[in-house]
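First up is the structure itself, then whatever we jot down about it.
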Amino acid sequence: MKIQLHILTPVFLLVSSLFLLFSTDHPFVICGSILLAVTVLAGGKKWKQLKQGLWFALPMTFFMLLFNLVFVSSGVTELAVVFGKRITLESILYAFLMGVKLLAATYLFFMAGSLTNGDKAVSYCGSKLPKSTLTFLLIFRLIPHFRESFFHLKDVYATRGVEFENVPLREKIKSYRAVLAVLLEQSLESSFEIGEAAYTRGFLSTKRSVYERSRPTWRDGLVLTADALLLAVYILLLVNGSASFNLYFGEGLERLSNPAWILFLLLCATLAGCILIANRKQRETTEVTWDT
Amino acid sequence: MKRVIITAAAVALVGSLMLLAVSEWQNAFTLVSLVVLAGVLALSFLYFEASIIGTKQIALIATLSAFTAVSRIVFAPIPNVQPVTFLTALCGLALGPFPGFLVGCTSAFVSNIFLGQGPWTPWQMFSWGLIGLFCGLWGKNGKKPSPVAFGLACVGFSFLFGWIMNLWQAVAYLRPFTWLGFLLTYVTSLLFDLMHAAGSFLLAILFYEKFYKILHRYKRRMDVTYIDTSLPKEGL
Amino acid sequence: MGYITVESLTYCYPEQDKPVLDDISFSLNRGEVLLLLGRSGSGKSTLGKAITGAVPYFYGGTVSGKVSIGGMPIDKMEHNRRSQTVGMVFQYPEKQLILNKVHREVAFGLENTGVPEKTIRRRVFEAMQFTGITPLADRDIDSLSGGQKQKVAITSALAFFPECIVLDEPISQLDPLAAEEVLNLTRKINEELNITVILIEQRTGKCFELADKVAFIEDGRLRFFGGTHNFLDSPEKQYEPFLPEPVRLFRRLGIEHPPTGMKKSRALLSSIQPGDAPVPAHPAFRETEKTQPVISLDKVSCGYGGLTVLNRFTASIQKGDCISLLGANGAGKTTLLKTLVGLKQYQGSILLKGMELKKWKQKEIAWTIGYVSQNPDDYLTQDTVRDELLFTARHLGVEEPEQAADNILQLLELSEYAGRNPKDLSGGQKQRVAIGSALIASPEVLILDEPTRGIDVPLKQTLAELLRQLNQSGITILLVTHDTEFACMVSNRFWILYQGELLADGTKEEVFSDSLYYTTTIHKLCQNQAPGLFTLEDALRYYSGEEAVR
């Protein structure tokens, strides 16, 4: 998926949706967030990330479920009494709800990531935050290189008789000492060279200009408008008190049927749709293609 | 500067709005802590931009962050070795508080690109950054603690790291919030924290001397940047 | 007054007492190509950096003297202006490229120096057009070959529209084909754009054809500065290893004013009558015993990430062989070596002394096959040379490690350095330590991955002697190299690897006589007159009838 959005749009999306998600426990808000994130991720065919998110959220959900079953007796709807301990529907529902909340938060991060174009981010930040940008650029450049060196050095030390497998933890860590020491030394040595390369090419010599300045387009307008609408409706619900929710006290239950929530969910879906439309590949490309 | 003030004011405004609007203290805490966290991270990078740190130091910080991130990635399959804590602490000790903070921060962010980015990322950035910062303060004036002292400090840092992560986890997701539940979150993570601490201790005991020596040497090469246009006679 | 003038430049790196550059003065005209020669560690790179201003403004240190470009002393030049005037291309392609996409990389320097936005795009495009990398514009830098990366680095320097470019051993990490392309590009930049070029190089064969001036540095002092032909004519013995092979031949034959370039050399050679000696009968290499081979590979395939690196590779290595493995980068040479020492998974069968390699333990393999990686720095973790050898000996479980270490130190003439920190040794000595570490368990086979990469010419000759000596003492050797001259000096058997398959296997007559590409310069030069000549010694014997004096 070629990313068409301006770099600040996903940042704004992430901030606003995290605000939504973390300001309440309301099931509709959580559902809306997950609807938004999953639609965008699925639209981008990010199946791997969808799966990965589940793996992150499951253990915590399991823990909360167990905890609520064993220790929490609050709630009205009693399901059973085991060894004199009440097991309530509310506590189980809450564990699930919070699990989904964690999942939604994870997915929202993934979504923002999938909408960020690294190149555009570099262009944008390069002029605003040159030092931080160079730091990250160098890190991204060096990681694959170091990783390769690491495995190469591991090979070399295996031929020098160092054993990495089937040894106790202490020995194992010890085995990596030589490998990591050499890698560190070589890395630091190369830090001078790469620093010199940046220096010779005039880094920090003056205010930077921007090579491919990305400008906001109708795509960003579309997404931001949908997002702003969603936010506005939500803030109204918040001020009106409809967004407060606590199952244990039965709080918010009577307003669950508030038709504004339907509007809210619709707006979530609309936002997801807008993002997908905005991010669709352009037919006539205005970008200059270098390929001949 | 004007921009920073405007941003700070906007952040404060949004923060107080959230506090007003949100009824449950748990959600309020979650939101406000997120805002504060984002503010701290943003300010530290703004400070980085305004500092006198030059290309050479940037290259060093980037190299160490990449090294730390790679160690984290390659050791990910070995469950009890978590080298970031040890390496960040060491970088802080050898290079100073701010570089230490940056190494912790950036390596957390970058390694998560490979291991999975999520709501925990800012917290990890903050926690590891903090470890680098503390060690930097500890190692000021070129103090070099003994390996055991450093190992014990790494044990402490491992727990500190786990606890910061737990705090937010518990407040954001535990319903209802009870002190018992809070405590239990810590107890369940105790096993992980213990493994983390043990791994860090071993790393510290086994790697500290050698790595400190290497870092210290480069730190010296980094610091000496005088330019003398006339060569002293005895130098010839 | 030249374009670049250096006046009594002396420079010391921080915290070092010995000057790296010692009282250097020269002056270079605009649009000239200066070839800067010298052994590794002689200070030639530092001189290059002094012209870009990285020395002393990036590295710090103590400096005296004056460097000026176009009449402007560089200490008066702002960083911004300096970057735009002098570009630099470094030795390691992967340590100088910063961004992820080619066209962005080219733009990086322009952004840094605040070139207006509209101009950047045009300059990026034009620079890429000029160097012919436009088709790579949108490629990820990680996906490029070493040669392509160097071209991107050159393009990035060119995008400044600079007046001068310093190239610091730009081809030392490349295979010969890529190296030639980079040199051709350098020539084009100089000829068409009138950019002054300072070329620092070890592999000098083709470089002399480009150069207008030559400088030779030894221990930080400028020993020679002058026109290329003056350098070629100079009777100084220590310059000899740096000269191209044909020139060395002519000088030895006592011919004055030797030409550069193959065509002229060939023309000159055809006018020379061979001496009395007949076409040399090659010293018969030791007949390898046709007994059971030490290693035999049968249909070995190997790959990773869905990529086939070795493709049904079949060959066998006999005791006493000294095999040179040639082939382009990416042909699978390193993979083959690593497979042989048990570091890679494979299909097919590899028999080491009659037993399947998979059944051997890693340590047992290391007892039989010593492996030396490309970079000797990989081996330096201990505080002394002796400890370094003991490290391997103890991990491999060698009996009486102390004794073994002393033997190796003696064999490799490292005894006097036994107590030194290996990091303080010279490149050649470090390499010996690495070889020593591989030999500590007295293996039967020694495998070396590109031992000639990045080392200077005199070192290459000592290395060749060492390997020959080891081979004669009964150690079977397999080495990877791009250097056909070196291969001819040490090996008795030659392999050419192409896309994971063995294309050729035989003696140098079998492999090199009928080859367009994989052959030596001397063979290319002499093949019309006397087809059996491969090395300088061969040619000398043929044309002068004397034994070659090395």
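The values are calculated or read from the model by the stated rules, or taken from the named source; none is laboratory data. All values reported here derive from a predicted model rather than from experimental measurement. A quick note on method: Cβ atoms are made from the backbone with ideal geometry, for glycine too, and the neighbour counts reach across all protein chains shown. Remember, those area values only see protein heavy atoms, side chains included, never the ligands or the DNA or RNA. Shrake-Rupley method; radii C 1.70, N 1.55, O 1.52, S 1.80 Å.
Would you pick out the residues in region A:116-132 that are touching a residue at least 12 places away in the same chain (Cβ under 8 Å) and closer than 25 Å to B:Trp168 by Cβ? Residue satisfying the conditions is A:Thr116 alone.
Is it true that some residue in region C:399-418 is in contact (Cβ under 8 Å) with a residue 40 or more places away in the chain, buried (at least 17 other Cβ atoms within 10 Å of the Cβ), over 27 Å from the mean Cα position of the chain (by Cα) and not in a loop (DSSP other than H, G, I, E, B)? Walk me through how you get there before you give the answer.
Going residue by residue through region C:399-418, those that are in contact (Cβ under 8 Å) with a residue 40 or more places away in the chain are C:412.
The next check asks that each one be buried (at least 17 other Cβ atoms within 10 Å of the Cβ); those that pass are C:412.
If we keep only those that are over 27 Å from the mean Cα position of the chain (by Cα) as well, we get none.
No, region C:399-418 contains no residue that is in contact (Cβ under 8 Å) with a residue 40 or more places away in the chain, buried (at least 17 other Cβ atoms within 10 Å of the Cβ), over 27 Å from the mean Cα position of the chain (by Cα) and not in a loop (DSSP other than H, G, I, E, B).
Residue check: C:Tyr518 meets all listed conditions (1) of a type outside the set (Asp, Glu); (2) open to solvent by 30 Å² or more (accessible area, probe 1.4 Å); (3) outside any helix (DSSP H, G or I); (4) within 28 Å of C:Ser42 (Cα to Cα) but one, namely (4).
Any residue in region A:149-163 that is buried (at least 16 other Cβ atoms within 10 Å of the Cβ) and more than 11 Å from chain C (Cβ to nearest Cβ)? Scanning region A:149-163, I find at least one residue that is buried (at least 16 other Cβ atoms within 10 Å of the Cβ) and more than 11 Å from chain C (Cβ to nearest Cβ), so the answer is yes. Taken over region C:53-65, the criterion of being out of contact with any Gly (no Cβ under 8 Å at 6 or more places or on another chain) and more than 15 Å from C:Leu222 (Cβ to Cβ) is satisfied by C:Gly53, C:Ala54, C:Pro56, C:Tyr57, C:Tyr59, C:Gly60, C:Gly61, C:Val63, C:Ser64.
Of all the residues in region A:176-196, those that are over 14 Å from B:Val70 (Cα atoms), among the small types (Gly, Ala, Ser) and under 33 Å from the mean Cα position of the chain (by Cα) number 3. Might you check whether a residue that is more than 7 Å from every other protein chain (Cβ to nearest Cβ), within 34 Å of the chain's Cα centre (by Cα) and open to solvent by 10 Å² or more (accessible area, probe 1.4 Å) occurs anywhere in region A:164-175? Within region A:164-175, one or more residues are more than 7 Å from every other protein chain (Cβ to nearest Cβ), within 34 Å of the chain's Cα centre (by Cα) and open to solvent by 10 Å² or more (accessible area, probe 1.4 Å).
Take A:Arg201 and decide whether it is more than 9 Å from chain B (Cβ to nearest Cβ), closer than 20 Å to A:Lys131 by Cα and under 26 Å from the mean Cα position of the chain (by Cα). Write out each step before concluding.
Numbers: more than 9 Å from chain B (Cβ to nearest Cβ): yes; closer than 20 Å to A:Lys131 by Cα: yes; under 26 Å from the mean Cα position of the chain (by Cα): no.
Considered against the rule, which asks whether it is more than 9 Å from chain B (Cβ to nearest Cβ), closer than 20 Å to A:Lys131 by Cα and under 26 Å from the mean Cα position of the chain (by Cα), A:Arg201 comes out as no.
A search for C-beta distances below 6 Å between a residue of region A:81-103 that is open to solvent by 40 Å² or more (accessible area, probe 1.4 Å) and any residue that is among the aliphatic types (A, V, I, L, M), counting only pairs 6+ apart in sequence or on different chains, returns A:Leu89/A:Leu79; A:Val100/A:Ile30.
Taking the listed residues A:Val182, A:Val223, the one that is open to solvent by less than 10 Å² (accessible area, probe 1.4 Å), over 25 Å from C:Asp142 (Cα atoms) and either modelled with pLDDT under 90 or of a type in the set (A, V, I, L, M) (or both) is A:Val223, with no other qualifying.
Okay, residues lined up against (1) within 30 Å of A:Leu180 (Cα to Cα); (2) more than 13 Å from every other protein chain (Cβ to nearest Cβ); (3) of a type in the set (A, V, I, L, M):
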residue: B:Pro145; (1), (2), (3): yes, yes, no
residue: B:Val148; (1), (2), (3): yes, yes, yes
residue: B:Leu152; (1), (2), (3): yes, yes, yes
residue: B:Val155; (1), (2), (3): yes, yes, yes
residue: B:Pro176; (1), (2), (3): no, no, no
residue: B:Ser189; (1), (2), (3): yes, no, no
residue: B:Met195; (1), (2), (3): yes, no, yes
residue: B:Gly199; (1), (2), (3): yes, no, no
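Restricted to region A:109-132, and to residues that are under 15 Å from the mean Cα position of the chain (by Cα) and either facing chain B (nearest Cβ under 8 Å) or open to solvent by 40 Å² or more (accessible area, probe 1.4 Å) (or both), which residue is modelled with the lowest pLDDT?
Restricting attention to region A:109-132, the residues satisfying the condition of being under 15 Å from the mean Cα position of the chain (by Cα) are A:109-118.
Checking which are either facing chain B (nearest Cβ under 8 Å) or open to solvent by 40 Å² or more (accessible area, probe 1.4 Å) (or both) leaves us with A:109-110, A:113, A:116, A:118.
On the way: A:Phe109: 90, A:Phe110: 90, A:Gly113: 87, A:Thr116: 86, A:Gly118: 79.
Selected residue: A:Gly118.
All but one of (1) open to solvent by less than 10 Å² (accessible area, probe 1.4 Å); (2) touching a residue at least 60 places away in the same chain (Cβ under 8 Å) hold for A:Thr135, so report the exception by its number. Of everything listed in (1) open to solvent by less than 10 Å² (accessible area, probe 1.4 Å); (2) touching a residue at least 60 places away in the same chain (Cβ under 8 Å), A:Thr135 misses just condition (2).
Pairing each residue of region B:73-97 that is closer than 13 Å to B:Lys143 by Cα with any residue that is of a type in the set (Ser, Thr, Tyr) and surrounded by fewer than 23 Cβ atoms within 10 Å (Cβ to Cβ), provided the two are 6+ apart or on different chains, yields C-beta distances under 8 Å for B:Leu90/B:Tyr212; B:Leu93/B:Tyr212; B:Ala94/B:Tyr212.
Looking only at residues that are within 14 Å of chain C (Cβ to nearest Cβ) and under 20 Å from the mean Cα position of the chain (by Cα) in region B:201-224, which one is most open to solvent (accessible area, probe 1.4 Å)? Let's see the steps before the verdict.
Let us first name the residues in region B:201-224 that are within 14 Å of chain C (Cβ to nearest Cβ), namely B:206-207, B:209-211, B:213-214, B:216-224.
Retained after the next criterion (residues that are under 20 Å from the mean Cα position of the chain (by Cα)): B:207, B:211, B:216, B:219.
Working: B:Phe207: 4, B:Phe211: 1, B:His216: 77, B:Lys219: 54 Å².
Ranking the qualifying residues of region B:201-224, first place goes to B:His216.
Working only within region A:38-64, note down all residues that are within 12 Å of chain B (Cβ to nearest Cβ) and among the hydrophobic types (A, V, I, L, M, F, W, C).
Going residue by residue through region A:38-64, those that are within 12 Å of chain B (Cβ to nearest Cβ) are A:48-49, A:51-57, A:59-64.
A:Leu54, A:Trp55, A:Phe56, A:Ala57, A:Met60, A:Phe62, A:Phe63, A:Met64 - these are the residues of region A:38-64 that are within 12 Å of chain B (Cβ to nearest Cβ) and among the hydrophobic types (A, V, I, L, M, F, W, C).
Cβ separations smaller than 8 Å between residues 6+ apart or across chains give the following pairs from region B:192-204 residues that are over 16 Å from A:Pro168 (Cα atoms) to residues that are outside any helix (DSSP H, G or I): B:His196/B:Asn80; B:His196/B:Gln82.
Look at region C:113-138: where a residue is under 27 Å from A:Thr206 (Cα atoms) and touching a residue at least 12 places away in the same chain (Cβ under 8 Å) and a partner is aromatic (Phe, Trp, Tyr) and open to solvent by 70 Å² or more (accessible area, probe 1.4 Å), sitting 6+ places away or on another chain with Cβ atoms under 8 Å, you get C:Arg123/C:Phe161.
For region C:105-113, the criterion of being more than 7 Å from chain A (Cβ to nearest Cβ), under 17 Å from C:Ala54 (Cα atoms) and not hydroxyl-bearing (Ser, Thr, Tyr) is satisfied by no residue at all.
Among residues of region B:42-60 that are at the interface with chain A (Cβ under 9 Å from one of its Cβ atoms), those with a Cβ under 6 angstrom from a residue that is of a type in the set (Lys, Arg), sequence gap 6+ or separate chain, pair up as B:Phe48/A:Lys131; B:Glu49/A:Lys131; B:Ile58/A:Lys131.
Within 30 Å of A:Leu69 (Cβ to Cβ) and surrounded by fewer than 23 Cβ atoms within 10 Å (Cβ to Cβ): which single residue out of B:Gly116, B:Gly156, B:Gly96 fits that description?
Details: B:Gly156 fails: within 30 Å of A:Leu69 (Cβ to Cβ); B:Gly96 fails: within 30 Å of A:Leu69 (Cβ to Cβ).
Only one candidate qualifies: B:Gly116.
Just to be sure before I move on: is B:Phe182 assigned by TED's automatic domain parsing to the domain that holds B:Gly96 and under 20 Å from B:Cys91 (Cα atoms) in the structure I sent? Here the answer is no, as B:Phe182 does not meet what is asked.
Mind listing whichever residues of region A:78-105 are assigned to a strand (DSSP E or B) and of a type in the set (A, V, I, L, M)? Write out each step before concluding.
First pass over region A:78-105, keeping only residues assigned to a strand (DSSP E or B): A:78-82, A:85-88.
Scanning region A:78-105 gives A:Leu79, A:Ala80, A:Val81, A:Val82, A:Ile87.
Filter region C:368-378 down to the residues that are outside any loop (DSSP other than H, G, I, E, B) and in contact with a Phe, Trp or Tyr (Cβ under 9 Å, 6 or more places away or on another chain), then identify the one that is nearest to C:Asp449 (Cα to Cα).
Looking only at region C:368-378, we keep the residues that are outside any loop (DSSP other than H, G, I, E, B), and these are C:368-372, C:376-378.
So of that shortlist, the ones also in contact with a Phe, Trp or Tyr (Cβ under 9 Å, 6 or more places away or on another chain) come out as C:368, C:372, C:378.
Details: C:Thr368: 17, C:Val372: 6, C:Asp378: 12 Å.
So, considering only residues that are outside any loop (DSSP other than H, G, I, E, B) and in contact with a Phe, Trp or Tyr (Cβ under 9 Å, 6 or more places away or on another chain), the one nearest to C:Asp449 (Cα to Cα) is C:Val372.
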